Amino acid sequence: MQGKRILLGITGGIAAYKIAFLVRLLKKSGAEVKCILTPASSDFISPLVLATLSENPVGIEFWDKKTGVWSNHVEYGLWADVFLIAPLTANTLAKLAHGSCDNLLLATYLSMKGQTIVAPAMDLDMYAHPATKRNLEQLYKDNVRVIPAESGQLASGLEGEGRMAEPETIFAVLQEFFSTLSQTFELKGKKVLVTAGPTYEAIDPVRFIGNHSSGKMGFEIAKDCLRRGANVVLVCGPTKEKLTHPNLTFSPVNSANEMLEIVQSEWNNCDYGIFSAAVADYRPKNKVDQKIKKTEEFLTLELIKNPDILSWAGENKQESQTLIGFALETNNLLENAKGKLERKNLNLIVMNTLEDKGAGFAGDTNKISILDNHNNFTSFELKSKSEVAADIVEYMINYNS
Ligand code: CTP
């Protein structure tokens with residue numbers, strides 16, 4: 001943290017007393033610290049304590065009533081590498097979400113050039129309230145990082161979620177933030193198209209043909225690409241997974257045809273395509289608009305082949321584009337995967353087999369190997385899906401360099 005400039009915004013919650021420890025941790029690690037308080041927060045922590053520990057004057061009002069000196073919020077915003085608001089009360093959260101500007105801290109937030117990180121702290125019912133959730137959602141959209149509140153004993157005497165993350169946790173988040181910043185963003189300026197999840201093929205308005213894909217692998221790939229600075233279009237079938245990021249275009253779909261439509265409109269503008277979706281190979285041939293009633297003893301569904309989305313992308317691939325497909329095989333893994341790589345005009349194919357323990361659809365781990373179109377074969381250990389995603393993206397970047 002040596003030389004990092006951290007602006008600490010403190011709002012009026014009981015957890016403000018813990019900020020003194022955080023200032024100590026930051027100063028010990030070599031960071032420069034300045035503090036801004038909302039008027040209410042000085043009831044919870046003395047400005048003198050913060051000024052002494054941070055070795056800098058503390059900002060509270062827009063101007064000093066005795067000297068007439070103006071506290072320049074724009075300068076604060078330009079000075080800081082990061083603006084950490086902790087604790088963040090429900091009141092200031094609401095004001096941040098709406099862009100209000102009636103104190104120095106709020107004006108500084110609006111003037112901030114770098115990253116803002118917040119650590120909410122409030123009583124459990126306030127934290128769980130839909131209004132609070134809505135405001136936090138808005139902050140996510142505005143590219144603010146949120147350090148979630150923790151569970152435990154609250155100042156009200158109640159137990160539950162709402163306690164500010166401990167100073168050590170906040171410190172670790174800041175460390176991680178700066179170490180990520182110092183990474184090279186290998187995919188900056190690149191656009192990646194990712195397909196993920198299952199597809200649901202409607203039988204009638206209430207039934208569908210689907211599969212057990214959780215979409216996790218595709219989401220981890222999208223996250224890894226975003227972490228490396230890419231713009232990502234994530235086209236995803238029905239899933240519980242959620243992701244918001246300023247550089248992400250999220251396109252939820254149901255069926256293979258809907259997925260194809262998005263891919264057809266995006267692929268031409270992308271540098272990379274990573275197709276991890278478990279697309280249904282067939283869909284019911286006839287669209288039934290009304291719920292099918294149980295009448296006969298046997299019901300026959302006629303199925304028709306779905307378009308192969310990956311093959312379409314392969315057929316329409318430009319020289320500069322890199323296309324990656326997945327192969328889930330139960331037998332003759334390498335031979336089948338090689339056939340798919342060639343047939344679908346891919347650069348790389350990621351293989352896994354359900355026979356490997358811990359690999360596959362729903363879990364949090366996967367075991368893969370990668371075959372490229374120069375016939376290089378690399379096998380990886382069983383890893384978490386986020387590590388597997390990093391391996392795939394790493395391979396893709398090195399393949400191209
Ligand atoms: N895929 C696709 N569209 C389809 C079917 C598959 O985009 N309609 C993509 C998957 O996202 C995956 C790859 O193709 O990246 C492999 O899918 P898979 O179903 O294993 O291959 P198939 O060619 O359909 O062969 P088979 O089902 O016979 O194994």
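The values are calculated or read from the model by the stated rules, or taken from the named source; none is laboratory data. The structure displayed is predicted, hence computed values, not measured ones. Methodologically, a virtual Cβ is constructed for each residue, glycine included, from the backbone with ideal geometry; neighbour enumeration extends over all protein chains shown. Calculation scope for accessible area: heavy atoms of the full protein, side chains included, ligands and nucleic acids excluded. Shrake-Rupley method; radii C 1.70, N 1.55, O 1.52, S 1.80 Å.
Excluding residue 153 itself, calculate the net charge of residues whose Cβ lies under 10 Å from the Cβ of residue 153, where each Lys or Arg counts +1 and each Asp or Glu counts -1.
Combined, the nearby Lys, Arg, Asp and Glu give 0.
Quick one: dipole size for the chain, taken about the Cα centre, charges +1 on Lys/Arg Cβ and -1 on Asp/Glu Cβ, in debye to the nearest 20.
Working: 42 positive and 47 negative charges, 113 e Å.
Here the chain has a charge dipole of around 540 debye.
Taking square-rooted eigenvalues a ≥ b ≥ c of the alpha carbon gyration tensor, is the stretch 5-183 rounded, prolate or oblate, where a/c under 1.5 means rounded and, failing that, a/b exceeding b/c means prolate?
Numbers: a/c = 1.32, a/b = 1.25, b/c = 1.05.
Verdict is rounded for the stretch 5-183.
Sum up the charges of everything whose Cβ sits under 13 Å from the Cβ of residue 337, counting Lys and Arg as +1 and Asp and Glu as -1, but leave residue 337 out. Walk me through the numbers before you get to the answer.
Numbers: positive: 338, 340, 343, 344; negative: 329, 335, 342, 372.
Every neighbour counted, the sum reads 0.
Nearest 5 percent is fine: what portion of the DSSP beta bridges confined to the chain is antiparallel?
30 percent
How much area per residue is accessible in the chain when the probe is 1.4 Å and only protein heavy atoms are counted (Å²)? Numbers along the way, then the final one.
Details: 20350 Å² over 401 residues.
Here the residues of the chain average 51 Å² of exposed surface.
Which chymotrypsin sites (Phe, Trp or Tyr not before Pro) does the stretch 1-81 hold that lie in a coil by DSSP with at most 16 other beta carbons within 10 Å? List each step's numbers first, then the result.
Working: sites: 17, 21, 44, 62, 63, 70, 76, 79; in loops: 44, 62.
Loop-located and lightly packed - 62.
Decide, for the stretch 89-200, between rounded, prolate and oblate: order the square roots of the alpha carbon gyration tensor eigenvalues as a ≥ b ≥ c, take rounded if a/c falls under 1.5, and otherwise choose prolate if a/b is larger than b/c, else oblate. All intermediate terms of the calculation are to be shown ahead of the outcome.
Numbers: a/c = 1.60, a/b = 1.39, b/c = 1.15.
Because a/c hits 1.5 or more and a/b exceeds b/c, the stretch 89-200 counts as prolate.
How high is the relative contact order of the stretch 5-183, in percent, with contacts defined as C-alpha pairs under 8 Å that are six or more residues apart? Kindly include the intermediate steps, with their values, before the conclusion.
Working: 352 pairs, mean separation 38.5, N = 179.
Computed value for the stretch 5-183: 21 percent relative contact order.
What is the distance, in nm, between label points placed 7 Å from the Cα along the Cα-to-Cβ direction at residue 143 and at residue 304?
Here the modelled spin labels are 4.5 nm apart.
How much net charge surrounds residue 53 when only other residues with a Cβ under 11 Å from its Cβ are counted (Lys, Arg +1; Asp, Glu -1)? Display every interim value, and only then the final one.
Working: positive: 24, 27, 28; negative: 55.
Counting the neighbours of residue 53, the net charge comes to +2.
Roughly how many percent of the accessible protein surface of the stretch 1-51 is carbon and sulfur, given a 1.4 Å probe and a whole-percent answer? The partial results should precede the final answer.
Working: 1200 of 2110 Å².
About 57 percent, which is the carbon plus sulfur part of the accessible surface.
Which part of the stretch 88-104 falls in the paramagnetic zone of residue 242, meaning amide N under 19 Å from the point 7 Å along Cα-to-beta-carbon?
What the label zone holds, given the 19 Å backbone N cut-off, is 90, 93-94, 97-98.
How far apart, in nanometres, would the label points at residue 286 and residue 179 be if each is projected 7 angstrom from Cα along the Cα-to-Cβ direction?
6.1 nm
Let me know the shape class of the stretch 158-245, please: from the alpha-carbon gyration tensor, a ≥ b ≥ c as square roots of the eigenvalues, rounded when a/c is under 1.5, otherwise prolate if a/b is greater than b/c, or oblate.
It comes out oblate by the Cα gyration axes.
Any chance you could run the full-extension gain for residue 188 through residue 296? It's 0.36 nm times the residue separation minus the Cα-Cα distance, nm to one decimal.
This chain segment gains 33.0 nm when fully extended.
In nm, what is the difference between 0.36 nm times the number of residues separating residue 70 and residue 357 and their Cα-Cα distance? All intermediate terms of the calculation are to be shown ahead of the outcome.
Working: separation 287, 0.36 × 287 = 103.32 nm, distance 6.45 nm.
Separation in residues times 0.36 nm, less the Cα-Cα distance, equals 96.9 nm.
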